[in-house]
Every structure is written in structure tokens, then in C-alpha cells.
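In what follows, a structure is listed as C-alpha cells, so that the remarks can point back to it.
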Amino acid sequence: MNYKNKFYRKLLSVVTAAALLSTVAVPAASASMKGVKPGKPVKDQPYELTIMHTNDTHAHLDTVAKRITAIKEVRDENANTLLLDAGDVFSGTLYFNNYLGLADLEFMNLAGYDAMTLGNHEFDSGTSVLANFVKDAQFPIVSANVNFKKDKNIKKYTHDRIASKPQDGNIYKGIVKEVNGEKIGIFGLTTAETVDISSPGPDVEFTDYIEEAKNAVQAFEKQGINKVIALTHIGLNDGGGDNDLTLAEEVDGIDVIVGGHTHVELKQPMVVDAGKEPTVIVQANEYNKFLGTVDVVFDKNGKVIEHAGKLLKIEDYQDDAKAAKILNEKYKPAVDEMKKRVVGTTMSDLIGGNPPARIAETNLGNLITDGMLDKAKTINPNTVIALQNGGGIRTSIPAGEFTLAKVLEVMPFGNALGIMQLTGSEIKAALEHSVRLAPTANGGFLQVSGLKFTYDSSLPAGQRVQTVEVKGDGANFAPLNPDKTYTVATNIFTAKGGDGYEIFAKAYSEGRVSEPGFVDWEVFTEYVYAQENRTVNPQVEGRIIDLAN
């Protein structure tokens, strides 16, 4: 397939920030690029590179055989390719609980990844588990701002330098990758939030990501390398103190940022035009739903002069036979068996589903949000409220013992925890949105913890909430202060504006949402495990009262 046809096959426009965030982002101009052909680079001619990218796959391996097929097809169509992962391979499904990342690694090795960076969840089980993953990786790992020199488990695999000839199973600040005769610089960055939201241990240090990025770019430039990729797990516009937009604006010389952490579905690339040259940013959502692709054309000076990106939907592909055989024979049987394990016992029916969790407070809604609040407090002790959309509580749990399979029926989406900074007035506006359709069932109806409120469903929408109280000190309720900022836990679906929560989407776009992760069903089971004898008996407590009843 010639270059021109391939580029017209893809969408050439660029995502602006309007729906997601506020930034200076401009689209690159499209061009027909006549005469540019894939293959070995020719002196003073544009060079085309196809980057395939994944991020935040979180052990979602049931469709991994389809991902292998997608990767093979892209390679067949393009002469110059890279396959990169932007971190958070670990944690999220029973495949990780049982195989601690090594199942994922087998498929990454089979796919032929060229490099990955470390996500915060790579540290969830400590550096000993991460070390086992690193040493068996048939590709190098890059992270410029993580220092493992003091860590006994992993320091022997790490190198404090840019590697011109990187070795598989080792961690570098960055690497030089030669793709069909052309040298590409790739460096990595990992969110410094990892210290607070995961378990790296006291001997792992995180350094300033902006300074490390500048140092990496300079190191590549000294070697005459003018094509630079930042492989990052810091989030597109994450509120945790580091993100890709700031990186693109403050560090010149980065041509492409392949990002992760915020699970953003960037259907087309963003371009930040803040320095001497534009920076293209891509991210491929989550959970192995997509294989991201971006074609980038560089001029002879290494400047991006054309790009086209597309997310390939994994479910549209057929299974790769070899990968499917490995999954179904080696890994899946044990995972299916794990689903039968008993999580705990409930003394009463736990009520969820449609309509109960979408029209009123339920005991299961209380249990889930109490677990969310408990987990969020371990990350940010200032968290005082938790909110869960009723549409994310899919069914009820009968009294008696319940299994992990049943928990996964209740929370099948794998929604991750997010922590928001909201004013009291924003919280009240969100509660108005929650009850605007009551008593009609609504997936956006919020179950709550750390908060109680009354509303009158007979009044017009937007004027229904009558009283709101918050347990700000953890023990006593006090009236919601409209001018005070509160720390609020929810799931990322809701935090990004799901179910029409524009007030949350605004907070997200302004960088007021931190994304520590931690999947809902894991947070729930952890909370149940912490109860005496793993037994629960939550009640409806008057957290949500409709005065019209």
C-alpha cells in the first residue's frame, strides 16, 4: 500500500481540547505527500514512522489474541514500525491476581514489543514482583525519572543512562532504536504519584519529570538524533502534579508523546504547538479495547510535518491462533476457577440493579461507597465523600455466601477510583443532577458515603435538593459549605463526565482529578475482607431522603 493511500485511509484531523480540557492545541496541516514512499530512508527525504501503542491494559487478556492479530496486520501494511506500551500492564483482573503480570508478559513477548514504560500499578505488589517481570521481558523498559539504585530487587536490571544498544530485560532512562536505518530516541516517564498511590517502597526514588525529560532530549541531540518519543505514564491532563500537556509545553524537542495513566480515548492525536516544533500526543484508552496507531512523517531536520492517527477496535479482529491456544490452555482455566472463590457473607440481601440503585439509597450502594471512601482515605486522608453512579451497580447479591463471580456481575465494567477536588456548590449541583429525573430510574443517580441529603422530587429539576450535610471530621455531620473545597472519591467514568455530569468533567479538564486507579471490584472485595469474619450487614440509613414520599 503506498503512502498516499494509507494516509487518506486514516483521519488526518486533530482532536482539540474543547470537550476534554483547556490547552493550546493546534492541528497539523494535512498534505498529499506525493512521492513519499515507505521503506529505507533516503537522505534529505521525509521519513515515515508508524507507531503502534497500548496503555493501561490492566491484565485484560481475554481479547489479547485479537490484539496480536491487529499488530500483525499493521506491521504487514507498514515498513517502519514501533510497538510501544505506556504502562499499567499490572492489576485489574484475575489474570494479574493469579499470574502477577507474567501472563501479560508472555503475550507482549509474542507480540514483539519494542519498549514499555512503567506505570504506577507496576509497583502494586512491590519491586520483587516487578523484577520478575522485567528480567523476562524480551524488550527494554524506559523510565528516566525512577531511580532504583537503592532497591535490592531491581537495581541489577537498571542503568542510569541512555542506551545506544539496549538489552532486553533491562531498565534504562531511554534507548536508541534503529528502525530501518533511522535512529529514534525513546525515553520514559512514570508519575511521581506512584509513591502515594502504589507500593514502590522506600528505596525507589522519583525525580523531577521535566528536568529528566530535558536531559533525555539533550542526550539524544548530542548523538545527532532528532526524532524523539516520550513514552509516558503521567496522564494527559492528570491533576496529580505531572502530565503530558505540561511536558509538551515545557520541554522542546519531543516529537511524539505516547501516553497513559488517564485512560483517555484519543480517537485522533492532539498537537501542542508551544515550542520550536509541534508535539503529537496519543493515548489509547484502556483494558485492551484498542490498538493505537499513529503515522508520523519527519522532515530531514526531524520536525513532524504530517501525522495521522487512529484507534483500532480490538473486538473487530479475529483471534491469532497461537495466542488463543496459549490463553485458553495455559491461563484461562485457573482464572475461571478463581471466580468460584467465596469473597464473604452477607446477612441480608444486598440490593442493587435497575431500578433499585437508580431511584433511591440501597444497602449495597452504601457498602460500595463506604469501601470507596475507605480506600480513598488511604491515598488522600482528606477524602470525606464517596459517590457511585447507580448504573454501575448492575445487580443484587442474595443473603449468604457470595463469590467473586457474583461481585463481577455487580461491577462488570472495571471502573477505577478517582479523587476529585470540588467546591460545596459543585457538589450540590451534582446532587441536583443526580435526582433531576426522580422518581424515574436514572443510571446517574448517586449512591453516597460521608454525605447525606434531602430532596423533593415534586419540585422542578434543579431546585430539588433541600439540605446537604457532610461528615467532614469523619464522625459528625455538618452543613455543606458552598465555598469550601472538599475531597471526593468516585469512579473515573463519573469523574470524566459520564451520565451527564458536566460539573465533574469541568473539574477533570481543569486538572482537579487525581487517578490513583484501583478497580472497583477489587476495592469492594478488599473492604469485605477487612470486615470481621468477612461478614457484612449494611443498612439503609437515611443518607438519601425524598421529602415527596
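Looking at region 155-176 only, could you name the residues that are surrounded by fewer than 21 Cβ atoms within 10 Å (Cβ to Cβ) and out of contact with any Lys or Arg (no Cβ under 7 Å at 6 or more places or on another chain)?
Passing the criteria: K156, T158, H159, A163, S164, K165, Q167, D168, N170.
Just checking: which of the helices (runs of 4 or more DSSP H) contained wholly in region 438-538 hold 3 or more residues that are within 30 Å of G400 (Cβ to Cβ)?
520-529
Yes or no: E361 of a type in the set (D, E) and in contact (Cβ under 8 Å) with a residue 40 or more places away in the chain?
yes
Quick one: would you say V343 is under 24 Å from the mean Cα position of the chain (by Cα), touching a residue at least 12 places away in the same chain (Cβ under 8 Å) and under 21 Å from N97 (Cα atoms)?
So V343 does not fit the description; no.
Return yes or no: is V129 crowded, with 18+ Cβ neighbours inside 10 Å, without any contact (Cβ under 8 Å) to a residue 40 or more places away in the chain, among the β-branched types (V, I, T) and under 30 Å from N380 (Cα atoms)?
Judged against the criteria, V129 is a match.
Determine which member of the set N226, N237 is farther than 20 Å from G259 by Cβ, of a type in the set (S, T, N, Q) and part of a loop (DSSP other than H, G, I, E, B).
After ruling out the rest, the residue left standing is N226.
Name the single residue that is farthest from I210 (Cα to Cα) among those in region 130-184 being assigned to a helix (DSSP H, G or I), of a type outside the set (F, W, Y) and more than 25 Å from the chain's Cα centre (by Cα).
Of everything passing the filter in region 130-184, K156 is farthest from I210 (Cα to Cα).
Can you tell me which residues in region 410-427 are surrounded by fewer than 18 Cβ atoms within 10 Å (Cβ to Cβ) and in a helix (DSSP H, G or I)?
Scanning region 410-427 gives G424, S425.
Could you go through region 85-93 and let me know if any residue there is more than 20 Å from A324 (Cβ to Cβ) and hydrophobic (A, V, I, L, M, F, W, C).
Checking region 85-93: at least one residue is more than 20 Å from A324 (Cβ to Cβ) and hydrophobic (A, V, I, L, M, F, W, C).
How many of the residues in region 311-351 are buried (at least 17 other Cβ atoms within 10 Å of the Cβ) and either in a strand (DSSP E or B) or not aromatic (F, W, Y) (or both)?
16
Starting from region 320-335, take each residue that is under 19 Å from L408 (Cα atoms) and list its partners that are of a type in the set (S, T, N, Q) and at pLDDT below 95, counting only C-beta distances under 9 angstrom and pairs at least six apart or across chains.
Hits for this filter: Y331/N98; A334/N98; V335/T93; V335/N97; V335/N98.
More than 21 Å from R464 (Cβ to Cβ), part of a loop (DSSP other than H, G, I, E, B) and assigned by TED's automatic domain parsing to the domain that holds F524, is that true of G371?
So G371 fails the test.
Where the second residue is β-branched (V, I, T) and crowded, with 24+ Cβ neighbours inside 10 Å and the first is at positive phi and touching a residue at least 60 places away in the same chain (Cβ under 8 Å) and lies in region 85-96, which pairs have Cβ atoms under 6 Å and are six or more apart or on separate chains?
G87/T117
Here are some conditions: (1) more than 19 Å from the chain's Cα centre (by Cα); (2) assigned to a helix (DSSP H, G or I); (3) of a type outside the set (D, E, K, R). T246 meets all but one. Which one does it not meet?
For T246, the exception is condition (1).
For a quick check of your reading of the model, give me the residue pairs whose first member lies in region 184-201 and is more than 12 Å from E122 (Cα to Cα) and in contact (Cβ under 8 Å) with a residue 12 or more places away in the chain, whose second is among the acidic types (D, E) and assigned to a strand (DSSP E or B), with beta-carbon atoms closer than 9 Å and at least 6 apart or on different chains.
Sorted first by the residue in region 184-201, then by its partner, the pairs are I184/E178; E193/E515.
Starting from region 285-304, take each residue that is closer than 18 Å to T69 by Cα and modelled with pLDDT of 95 or more and list its partners that are small (G, A, S) and not in a loop (DSSP other than H, G, I, E, B), counting only C-beta distances under 8 angstrom and pairs at least six apart or across chains.
Cβ pairs passing all conditions: F290/A284; L291/A70; L291/A284; G292/A284; G292/G309; T293/G309; V294/A308; V294/G309.
Out of the residues in region 244-262 that are crowded, with 24+ Cβ neighbours inside 10 Å and either out of contact with any helix residue (DSSP H, G or I) (no Cβ under 8 Å at 6 or more places or on another chain) or modelled with pLDDT under 95 (or both), state the one that is nearest to K303 (Cα to Cα).
V256
Can you work out which of the residues in region 107-122 that are over 15 Å from the mean Cα position of the chain (by Cα) and assigned to a helix (DSSP H, G or I) is surrounded by the fewest Cβ atoms within 10 Å (Cβ to Cβ)?
The extreme case among them is N109.
Is one or more of the residues making up region 396-415 assigned by TED's automatic domain parsing to the domain that holds N476 and over 28 Å from V342 (Cβ atoms)?
Taking every residue of region 396-415 in turn, none turns out to be assigned by TED's automatic domain parsing to the domain that holds N476 and over 28 Å from V342 (Cβ atoms).
Would you please name the residue that is surrounded by the most Cβ atoms within 10 Å (Cβ to Cβ), looking only at residues in region 520-541 that are closer than 16 Å to P356 by Cβ and not β-branched (V, I, T)?
P538
Would you please name the residue that is surrounded by the most Cβ atoms within 10 Å (Cβ to Cβ), looking only at residues in region 268-310 that are more than 29 Å from T93 (Cβ to Cβ) and acidic (D, E)?
It comes out as D295.
Restricting the search to region 249-267, which residues are under 30 Å from Y95 (Cα atoms) and not in a strand (DSSP E or B)?
Scanning region 249-267 gives G259, G260, H261, T262, H263, V264, L266, K267.
The values are calculated or read from the model by the stated rules, or taken from the named source; none is laboratory data. Treat the numbers as computed from the prediction; the structure is a model and nothing was measured. Note that we place each Cβ from the backbone using ideal geometry, even for glycine, and neighbour counts take in every protein chain shown.
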